[in-house]
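J.: Here it is: the structure, laid out below.
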Amino acid sequence: METKVIHSDPEIMSGKPVFVGTRVPVSYLFDYLGAGESIEIFLDHYPTVSRQAATVALKSAAQWANDNAHLA
């Protein structure tokens with residue numbers, strides 16, 4: 001079982017999903033990657049996010065996409 005790395009709380013960033021223990025929205029990771037930046041640049045800019053957390057978030061997103069491909 002993988003560690004929980006994403007958390008949502010109405011008191012933190014208006015409920016946007018963030019990396020556990022931070023105020024960094026998970027969407028920022030996807031924004032960086034979508035803009036062509038590397039995961040290293042993202043981690044340099046948000047040092048409170050661990051490489052493990054970012055990797056687990058990406059794997060979770062990939063699994064969600066695979067599980068929901070029929071919705072596209």
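J.: In the range 1-26, which residue that is touching a strand residue (DSSP E or B) at 6+ places or on another chain (Cβ under 9 Å) and in a helix (DSSP H, G or I) is surrounded by the fewest Cβ atoms within 10 Å (Cβ to Cβ)?
T.: Filtering the range 1-26 for residues that are touching a strand residue (DSSP E or B) at 6+ places or on another chain (Cβ under 9 Å) and in a helix (DSSP H, G or I), the one surrounded by the fewest Cβ atoms within 10 Å (Cβ to Cβ) comes out as G15.
J.: Name the residue, out of A54, A62, that is at pLDDT 95 or above and in a helix (DSSP H, G or I).
T.: From the options A54, A62, the qualifying one is A54.
The values are calculated or read from the model by the stated rules, or taken from the named source; none is laboratory data. All values derive from a computational prediction rather than experimental measurement. With ideal geometry, Cβ positions are generated from the backbone for all residues, glycine too; neighbour counts draw on all protein chains shown.
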